[in-house]
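Peer 1: Could you have a look at this structure, given as structure tokens, before my questions?
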Amino acid sequence: MTAYAEELNFEEAARIRDQIAAVEQTLEKQKTVSQAPNDQDVVAFHRQGTAWEFQVLFFRRGLLVGNKSFHFSRLNLPEEEALPAFLRQYYAEEPSIPHEVLLPLPAEDEPLLEEWLSEKRGGKVEVHAPQRGDKKSLVEMARKNAEHAFLKKVSETETLALILQELKEKLRLRTLPRRAECFDISNLFGTLAVGSMVSFLDGRPDRSQYRHFKVQAPSFPDDYAMMYEVLKRRYSKLEGDQEKPDLLIVDGGKGQLNVALAVLAEVGLQDTLSAIGLAKDKGPSPKKIAEKTADKIYLPNVKDPILLGHSASLRYLQRIRDEAHRFAVTYHKKLRGKHGLRTILDEIPGIGGVKKKALLREFGSLPKIQEASADRLSQIASLTQRDAQTVFEFFHPPAKECGIRMRNGIIED
């Protein structure tokens, strides 16, 4: 299914998806057993923009005996308000009240709901949102069923429209991001640096608009300067009648976003083109890794990043970002294959074949050469003191101007 989706063969992907769902549904009905001996309703939802799908799973004496799904196309409420509203509407007409109702998040009026449901049932009813264990797993099962039901009801075009609308609202964009361009940089110690630009139009890659950039300067690792050069080359060439993207995405955080904003201001597009930064949280927290919610979105003039959670909108942005990364890495590997790794040492002034071999023989790899101090380099018999200093400064150059000045990721005037 994933392979067909990556090839944009959505019909075959959908066919296999439905087969998988049918098998999973059959197995779950036959084998799913709740550890609780009493009756339970498990409620969860899936949403995209203002469209919602609520799912209720019925467990009776520990066995899954059925489910119901409810679709709302225009429900403009926050989750903490939409869930209690659904529960009141559903149980007002539902004659069978269980001993326990499990929810995906705490309801603001849980005590009132419990009192109301207990009165309708004629016995105690517990309403709560489990945080771990088997009951949490049951809620996740209901959420997956809600997502599957939603995708079956909403066509691909409608789904994309909901995603674009949600992105427009959450990212505070000027227009729907129908065309998005994303940029990534790939390099090895600042050499053979390349930039990539991918373009998506209405949810699909527009490969005719993809671009590669050989970064001309600087010849040392400076991601901000490299991004600045690539963006400047791309957007300074736009003519007045050329189609402009609705959204510019840079792979990185606040620093890379500020570089993009500086370029847009220089070329006069700051009022017509929206830009965001999409960054992965590199913190080692096991909780973040397990939840897979670490990607952060940086907006202009907003201090803290925003999170979109497990949403289709975030997955769409990640897909664009990952495609830009793949495109950059593929081109970079192609250049490395042509030039070879030793090309990096060839670029050091005054370091010929003998001295290059001596460096590789002494240190064994390029990373170790880069890490070596000037004193350590001068201990190699084939290198003079001046050669050692030249090699050291090649990998550790003094700061240079690149058109913008940065401090802690912020562009200075």
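Peer 1: Figure the gain on full extension for ARG207 and ARG60 (residue separation times 0.36 nm, minus the Cα-Cα span) and round it to one decimal in nm.
Peer 2: Values: separation 147, 0.36 × 147 = 52.92 nm, distance 5.25 nm.
47.7 nm is the gain from fully extending ARG207 to ARG60.
Peer 1: Label-point separation (nm) for LYS144 and SER365, each offset 7 Å from Cα along Cα-to-Cβ?
Peer 2: Reported label-point gap for LYS144 and SER365 is 3.9 nm.
Peer 1: Aspartates and glutamates within cross-link reach of LYS356: Cα-Cα under 20 Å, excluding same-chain residues under 8 positions apart?
Peer 2: Leaving aside aspartates and glutamates fewer than 8 places away in the same chain, those within reach of LYS356 are ASP346, GLU347, GLU371, ASP375, ASP387, GLU393.
Peer 1: Just order 89-95, 116-122, 308-314 by mean Cβ neighbour count inside 10 Å, highest at the front, would you?
Peer 2: Numbers: 89-95: 12.0, 116-122: 15.3, 308-314: 17.6.
The peptides rank, most packed first, as 308-314, 116-122, 89-95.
Peer 1: I've got another one for you. Going through the cross-link list LYS214/LYS280; LYS68/LYS120; LYS232/LYS368; LYS168/LYS244, which pairs have a Cα-Cα distance over 22 Å in this structure? All intermediate terms of the calculation are to be shown ahead of the outcome.
Peer 2: Values: LYS214/LYS280 25 Å; LYS68/LYS120 20 Å; LYS232/LYS368 34 Å; LYS168/LYS244 17 Å.
Too far apart for the 22 Å limit: LYS214/LYS280; LYS232/LYS368.
Peer 1: Under a 1.4 Å probe, what is the accessible area of segment 96-152 per residue, stated in Å²? Let's see the in-between values first.
Peer 2: Details: 3080 Å² over 57 residues.
Per residue, segment 96-152 has 54 Å² of solvent-accessible surface.
Peer 1: Taking 0.36 nm per intervening residue step and subtracting the Cα-Cα distance, what contour gain separates LEU112 from ASN76 on full extension?
Peer 2: Full extension from LEU112 to ASN76 adds 10.6 nm.
Peer 1: Take HIS128 and SER373, extend 7 Å from each Cα along the Cα→Cβ direction, and tell me the distance between the two endpoints in nm.
Peer 2: Between HIS128 and SER373, the label points sit 6.0 nm apart.
Peer 1: Report the label-to-label distance for ARG386 and ASP346 in nanometres (one decimal), using points 7 Å from each Cα along the Cα→Cβ vector.
Peer 2: If labels sit at ARG386 and ASP346, their model points lie 2.4 nm apart.
Peer 1: Same structure, new question: Straight distance only, please: which aspartates and glutamates reach the Cα of LYS237 with their own Cα at less than 14 Å, same-chain residues fewer than 8 apart left out?
Peer 2: GLU229, GLU266
Peer 1: A further question follows. I need the calculated FRET efficiency for the pair LYS244 and ALA22, taking r as the beta carbon distance and R₀ as 60 Å, to the nearest 0.05.
Peer 2: Working: r = 45 Å, r/R0 = 0.75.
That pair, LYS244 with ALA22, gives E of 0.85.
Peer 1: Please work out the FRET efficiency for the pair ARG174 and LYS120, using the Cβ-Cβ distance as r and a Förster radius of 30 Å; give the result to the nearest 0.05. List each step's numbers first, then the result.
Peer 2: Working: r = 49 Å, r/R0 = 1.63.
Approximately 0.05, to the nearest 0.05.
Peer 1: A further question on this structure: Where does each of 201-214, 259-272 land if you order them by average Cβ count within 10 Å, highest first? Mind dumping the intermediate values first?
Peer 2: On the way: 201-214: 14.0, 259-272: 17.6.
Ranked by mean Cβ neighbours within 10 Å, highest first: 259-272, 201-214.
Peer 1: Also: Tell me the carbon and sulfur percent of the accessible area for segment 111-212, rounded to whole percent, probe radius 1.4 Å.
Peer 2: Numbers: 2480 of 5140 Å².
With neighbouring chains kept in place, the figure for segment 111-212 is 48 percent.
The values are calculated or read from the model by the stated rules, or taken from the named source; none is laboratory data. Everything numeric in this text was worked out from a predicted model, so none of it was measured. Cβ coordinates were reconstructed from backbone atoms using ideal geometry, including for glycine residues, and neighbour counts include every protein chain displayed. Side chains included, ligands, DNA and RNA excluded: accessible areas come from the protein's heavy atoms. Shrake-Rupley method; radii C 1.70, N 1.55, O 1.52, S 1.80 Å.
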